[in-house]
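Below: the structure, in C-alpha cells.
Laboratory data are not the source of any read-out in this text; all were calculated from the coordinates shown. All figures in this text were calculated on a predicted structure; none of them were measured in a lab. Ideal geometry is used to build each Cβ from the backbone, glycine not excepted, and the neighbour counts take in all protein chains shown.
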C-alpha cells in the first residue's frame, strides 16, 4: 500500500497529520473541526477520518497520526551601538534597549496556531543557535545587515532553513540573496501568509515579493506579549505608513509611498491598551510622519486624550512629525491634551539654501526657531534630526549649527553627515554627477562601506561640494563634542524647562511608583559620585535651580539627563572628551 499526500488539522490542543492510504491527488484538509474527535468527518470511534472531497472526487479513508507543530524562529538581529539604542543607561534605569521591535510581533499575529513560534530580539536577549526549529526568519534594517548575515550563516551551518525580509532585503535584494534560502521583498503583511501556506504544504519558493502595499485596515494586533516588554524603554505602535513630502535624501517614501495608509482608530487604541495592560507606560508612535494626514491625526489625538482621561494618563506618548505641526494651534493643543511629551522633528539645517536644495519646503514657510519654540510652549520637548554636508554647506555650517542649537532649546539631536541612501533621488543625483565614492557601492557589503549602513557619523558615500571629506568629518566631530559637553547641554536644557509650557511630565513628578523612586535614587547617585566634575556640576546646579523655581518639571529634568548620559558616553568614546573641544571654531580662516 503506497502513501498519499499529507495534511494537518488543529484539534484545539494537538495537531494531527492525516495520511491518505490510497494514491490520490491532494485533498483539502483545511479547515476541519475535529475537536474531541466529534467532527462530521469522524467515523464513529474507529480512529479514522474522512477528508472533504474536491469536486469530482470520492472520499478516501484517512488515518490519524499524532504529529508535532512546525516551529518558526523569528529573530530581530542586534543593532550596532547607536544614539537611539540607549544601551549605556541599563544600570541607571534597568532597560536593555530603547524601543521594542514591531516586525516580529506583527508577523507572529499573522501566524496560525498550527505553528509553534519563538521570538528573539537580540537587542535584549542572546540567541541560542542550537534551538530546534524548522525555519529561521529574520528581519533587518540596513544598519543590522552585517549581524543578520552572521546569524543566517550560523543557522545555515546547522542545517536550518533560513529566510530574510525587512527594509534592507527589499532595497538591496542582490546583496542579501547569497546569504539566505528564502528572500522576502516588500511589506511582511502581504508576503508572510502566502509563505506560511506554502510551507505548511511542504513546498515553498526561494523568494516572495509583495504585489501591492499592505492594507493597514486589515493589520493585526501585534503579539506584544511574546516580547520581554520590561526590557524596553518604550513601547512602539505604528498608526500609518507613508509621508506626503519628498525630501531628496529620504528613503521612506521610496519604501512606504507618499500616499498615507492608515490603521483603524480602534486598532490603535487596542494596541495602546494591550501595552498598558502589560505594564508599559511610555509609547512611541513610529510613523514616518504622524501628521501626514492631519485630519486623521486630530481624530486619533482626540481619541487618545479621551483614553487618557479614563486611564488617569498612565501613558505618555511621543512621535515623529514634520515642522509644519507648529502651523496648527488646534493640532498642538490636541497633542498636549493627549499627553504627548516629546516630538522628534526633522529640522535638518538652519541653512535656508540647504533646505531648498533638499526640497524640505515645509521648513521654509516660517522662521524655524519660532516654530520650535511654539511647539515647546505646549509642554512638548523637541528632539531634532540635523544633517551636515549638503551642497550649500561650507565649513562655516558647523558654527552656524552650534549657534542655532544655543537658541533652539533643543536638548538632544541625531546629528549626522549627509548620506545618499540607495533608491533615493539624492543617490541618483550623486551617481549622475559622478560624486559617489568608489568604496560606497552599496551593492556589496564590505568593511569599507558598512559604516554608511550603520550611519554612525564616521562615513559619507559621496564627495561634498564645498569642503573636503576630512573637513566634513573634522567639523562634524567638533560639533558633536560641543553640543554634548555638559555645560552646553545644561544651558539648553535650562532654557527649555524654564520656557516650556505645562507638560505631561509634571503629573509624574509627584506621583512616582516605588520602582521609579528606586530609579531616581540610582540616578542621583550616578550623577553625584562621578569623577566627571562637569557632569556633577551640571546635574546638581539644574536640580537645585528647578527645585526652587519649578519643582513640577523635575521628572523631565531627570529623563533628559539620563538620555544625554548615553549619548555623552558615545561621543566621549568615539570623538574624545566633549568639554575639551576647541572652544571657538573647528577651522580658522
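Dividing the radius of gyration of the alpha carbons in region 70-209 by their Kirkwood radius gives 0.96 for Rg/Rh. Could you let me know the centre-to-centre spacing of region 163-178 and region 200-251, using Cα atoms, in angstrom? So the two Cα centres are separated by 15 Å.
Using the number of other C-beta atoms within 10 angstrom as an exposure proxy, rank 181, 256, 130 with the fewest first. Present the calculation step by step, with values, prior to reporting the outcome.
On the way: 181 17, 256 22, 130 8.
The order, fewest Cβ neighbours first, is 130, 181, 256.
Here the spin labels are modelled as points 7 Å beyond Cα on the Cα-Cβ line, and at residue 466 and residue 309 they lie 5.2 nm apart. Exposure proxy shown here: for 513, 239, 170, 474, the number of other Cβ atoms within 10 Å sets the order, fewest to most, as 513, 474, 170, 239.
One Cα centroid belongs to region 505-537, the other to region 88-140; the line between them spans 31 Å.
Label separation (residue 131 vs residue 573): 2.5 nm, computed from points 7 Å beyond Cα along the C-beta direction.
Sort region 218-268 into rounded, prolate or oblate with this rule: let a ≥ b ≥ c be the square roots of the eigenvalues of the Cα gyration tensor; rounded if a/c is under 1.5, and if a/c is not under 1.5, prolate when a/b is larger than b/c, oblate otherwise.
Because a/c hits 1.5 or more and a/b fails to exceed b/c, region 218-268 counts as oblate.
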